[in-house]
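Please treat every number below as a calculation from the coordinates, not as lab data. Small disclaimer: the values here were computed from a predicted structure and weren't measured. Backbone-built Cβ (ideal geometry, glycine too); neighbour counts: all protein chains shown.
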Amino acid sequence: MLGPSPECYTPDMDAPDTETHVEVSTPSGSLRGRWIDGAARFAGIPFAASPTGAARFAPPVRAAPWDGVRPAESFGAVAPQNPSMMEALFGGEAERWDEDCLRLNVWTPDPSPTARLPVMVWIHGGGFEMGSGSSPLYDGTAFARNGVVLVTLNYRLGAFGFLELGGLDPELTGSGNVGLLDQVTALEWVQEHITAFGGDPDEVTVFGESAGAMSLSLLLAMPATAGLFHRAIAQSGAAAAARSLGAAMDDTREFMAAAGLEDLAALRAASPEQLLAAHAAMASERTADPEGVIERTGNPLAFLAFRPVADGTIVPEDPLAAIANGAAAEVPLLIGTNAEEWKLFAMMSPPPADEAALRQRAEVVVTDADAALEVYRAERAGATVADLECALLTDLVFRIPAARLAAAQAPHAPVHEYLWRWASPAWGGMIGAAHAIEIPFVFDLVEDHRLHVFVGPEAPRSLARATHEAWINFARTGRPAHRSLPEWPTVDGPGRPVMVLDTQPELVEDPHGRSRAFWDTPAAALPHPRPVRS
């Protein structure tokens, strides 16, 4: 059974067509939101106290209750961050940032305690350094119209959320994960408050993309999240994101030097602008030469200046092993990646000039570059050197970590896998099936003119409906399904079936299976860190 189609959902109350106020009473106090386009939206709700002053770099503390009716009609400030490429693409003004940023937003079709609707909580991406829950990419109206209570949230980014200070003060060990703890606190808020918005706290699905998917993959491994969510959807991110404690401390030393800070007191006294400038300097150096950073550190995600930390306390030292051992037993997982993830990042650096340059880059990420390129050429007849580099780095950073997470969770819960293959025609086809291209489809926003710069004005509406509703059905039943999709079995079934999402979706047995298998051979082992070539 597929469960009820989202198109069949009708709320118990009539949703106003025009913007009118709506109030709910929550355990923390009353909130006044607004009906917009058939959904009740409550924006800028504090789920934790302001992480400022002495609370900077500290674990989040629950927000205090309030008296009276609190306005929740406008989005709150976003986490401190430097200007991003994505916001520039959309052509809008940068969102206002402030350290007091721990806010979430709720869209619901039926803000009444008796509705008991499925809840979906979105964790935004952005490399742990940019983004927010209020981006136009994540408008929750379509989810609410289709019978889901949709929650988006902010969490601390960059140095504010992922700077490991245990090397400066042992009592601060774990500060490299306060951004993750922000997400945990938001999920605790959902458990306690979502009934007031019509949501069912026993039917919570966490989903996210990129850093959001990496985050939720680590949440699957963390003891602190037990019972906080019941299903998970990871789009282009997996548990391989975590740094070792030693690597995190090395990053902290690099950051302190970039900021010109000598001790913890100076760090606490620094302005947000000073910390953002130091982060920008680190990020600029790393994104200018991601292969060089990988070669220097031996980590394929080291081009990201800040990431969560496998500290052995908040996050297990080996998150994937924890999941394989049943840390997230009985949590169904929908996971996948895009066919050309690396194209988004390749826009920031030139492709290899020729075969020799391609081989030199491949030597950075695999032990046997010749064996790797032989496999990738065999699967991609006629591919250019840029295509081969994109395929290799897409797999290294995204597809293979996702496949390994799927394999770790499959013995403990149903796991369904997808491969996104629809290619955007935007920018003369330069974007293709790149990182993040599926998001407007998941949120059913392909007709939003603000996103046409990303997906073009004629993105297939049918694919958007199928994707959006399959995600909703997974949140309802643990099975992604839509009338226009083939039957979608679990990935551990015969032939390792994967749903290929394109203009004409199809179920494919182990797409690019030869290259996937290559990464389990000694030839694919990441070389030991070594000095960058002069």
Exercise. For the stretch 210-222, just list the computed ³J(HN,Hα) in residue order, Karplus coefficients 6.51, -1.76 and 1.60, θ = phi - 60°, integers in Hz, with x standing in for Gly and Pro.
Key: 6, 4, x, 6, 4, 4, 5, 5, 6, 4, 4, 8, 8
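If each residue's Cβ is checked for other Cβ atoms within 10 Å, how do 418, 155 rank with the fewest at the top?
Details: 418 25, 155 31.
Final ranking by Cβ density, sparse to dense: 418, 155.
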Quiz item: Once Lys and Arg get +1 and Asp and Glu get -1 on their Cβ, which of 237, 452, 44 lies farthest toward the positive end of the dipole of the chain?
Solution: 237
Quiz item: Considering the dipole of the stretch 6-524 built from charges on the beta carbon (Lys and Arg +1, Asp and Glu -1) around the Cα centre, which of 323, 480, 300 is farthest to its positive end?
Solution: 480
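Which FRET efficiency value, to the nearest 0.05, is calculated for residue 37 and residue 250 with the Förster distance at 35 angstrom and r the Cβ-Cβ distance?
0.15
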Quiz item: Of 195, 266, 72, whose Cα points farthest to the positive end of the dipole of the chain (charges on the beta-carbon: +1 Lys, Arg; -1 Asp, Glu; origin at the Cα centre)?
Solution: 195
Quiz item: Cα centroid distance between the stretch 119-155 and the stretch 462-528, in Å?
Solution: 23 Å
Quiz item: If you take every DSSP beta bridge whose two residues both sit in the chain, what share of them, in percent to the nearest 5, is antiparallel?
Solution: 40 percent
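In debye, nearest 20: dipole of the chain around its Cα centre with unit charges on the Cβ of K, R (+) and D, E (-)? Intermediate results must be reported in sequence, preceding the final value.
Working: 37 positive and 68 negative charges, 45 e Å.
Charge dipole, the chain, about its Cα centre: 220 debye, nearest 20.
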Exercise. State the label only: which of [x] 66, 59, 45; [y] 106, 95, 42; [z] 79, 63, 46 corresponds to Cα extents along the principal axes in Å computed from the shown model?
Key: [x]
Quiz item: What is the packing order of peptides 115-127, 427-439, taking the mean over residues of other C-beta atoms within 10 Å and listing the highest first?
Solution: 115-127, 427-439
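If you stretched the chain out fully between residue 296 and residue 66, how much longer would it get, using 0.36 nm times the residue separation minus the C-alpha to C-alpha distance?
Working: separation 230, 0.36 × 230 = 82.80 nm, distance 5.05 nm.
My answer for the length gained is 77.8 nm.
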